[in-house]
1. Just one of (1) among the basic types (Lys, Arg); (2) surrounded by 13 or more Cβ atoms within 10 Å (Cβ to Cβ); (3) out of contact with any Gly (no Cβ under 7 Å at 6 or more places or on another chain) trips up LYS228, so point out which.
2. Could you please give the count of residues in the stretch 99-131 that are in a helix (DSSP H, G or I) and within 26 Å of LEU68 (Cα to Cα)?
3. Considering each residue of the stretch 28-39, count those that are among the basic types (Lys, Arg) and at pLDDT below 95, and give that number.
4. Considering only the stretch 186-224, state which residues are in a strand (DSSP E or B), crowded, with 19+ Cβ neighbours inside 10 Å and among the aliphatic types (A, V, I, L, M).
5. Does the stretch 85-98 contain at least one residue that is polar (S, T, N, Q) and in a loop (DSSP other than H, G, I, E, B)?
6. Checking the condition touching a residue at least 40 places away in the same chain (Cβ under 8 Å) and among the hydroxyl-bearing types (Ser, Thr, Tyr), which residue from TYR250, TYR203, TYR182 passes?
7. With the requirement that a residue be free of Cβ contacts under 8 Å to residues at least 60 places away in the same chain and in contact with a helix residue (DSSP H, G or I) (Cβ under 8 Å, 6 or more places away or on another chain), what does the stretch 227-244 give you?
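The values are calculated or read from the model by the stated rules, or taken from the named source; none is laboratory data. Please read all numbers here as calculations on a predicted model, not as lab measurements. Cβ placement follows ideal geometry from the backbone for every residue including glycine, while neighbour counts extend to all protein chains displayed.
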Amino acid sequence: MLYRTEGIVLKTIPFGEADLIVSFLTPDYGLLKAFAKSPLKTKSRFGSSLEPLTHSQIAFWGKEGASLPRLTQSDIIHSFQSIRDKMNCFLRVSEIIELTLQFLPEREANRKLYALLLQTLHNIENNLTEFPYTPLWKRGAEGDLKGRKGGLDLSVVHYKVKSLKHLGYAPALDSCGKCGKYGDCFFVSQGSIFCEDCSRGMYTPVRISKGVAKLYSNLLTWDISKIKRIQPSNVLLSELSDIIDAHIEYINTKTLNSKEFIRSLSCQF
């Protein structure tokens, strides 16, 4: 049976000398893996449509529920070439791609997550045109001031927060997970904050400032078009990013490979 949908290329794995196994995020079939015959050959009909991040109209053939259907068509809608061309930017975007691959079960449709990823990529690409990105480890004490207006770091953290919400893994940072009162003690193993009374006897928590809690609340509820209104300092954004990354690492039982690679680069500067 022939199926048609659209998809964003998340990952490709070589298979043999010229074939690929391609992982797409699709609105209709969720995370979909498909076998692409001979895309690495010079005259392949797929052209550059299987490059990472490429948004394409695709068709695939296989029995219903087949684990690895055959990709028969892939026509580019938008390539997001400018993101791939900038290594620093592509590395940061790789974090959200890996997060999606790790947390979304195969063949589980999630239209909200699909729309979020597509909107995030467009936002990042548009922002690159307006504000060139300076990686965090190369910034001075004042940071990348231009990057505060809906910049890459904010877009990445926003995607992480919203995707965790859509996937059912979002941490609770608004009130105590036991009594509902105000609290500022975040416990990674619980995925929640607790107030002073409820957290007595527990191991040392991560302290959450009101600014971080407010920023998290905004990112959790606002869509991509509204986050340009937020202008958090690099310190505040880094604090929230560290909390979200720790939460992801605990759920995933390991650090994302892309995040670990970025950390290794930062040690060189």
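1. (3)
2. So the answer is 13.
3. Of the residues in the stretch 28-39, 1 are among the basic types (Lys, Arg) and at pLDDT below 95.
4. Correct list: ILE193 only.
5. Among the residues of the stretch 85-98, not one is polar (S, T, N, Q) and in a loop (DSSP other than H, G, I, E, B), which makes the answer no.
6. TYR250
7. Across the stretch 227-244, the qualifying residues are LEU236, GLU239.
Results for (1) assigned by TED's automatic domain parsing to the domain that holds TYR169; (2) under 16 Å from LYS11 (Cα atoms); (3) at pLDDT 95 or above, shown as yes or no for each residue.
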position	(1), (2), (3)
THR26	no, yes, yes
LYS41	no, no, no
GLN57	no, no, yes
GLY65	no, no, no
ASN88	yes, no, no
SER94	yes, yes, yes
ARG107	yes, yes, no
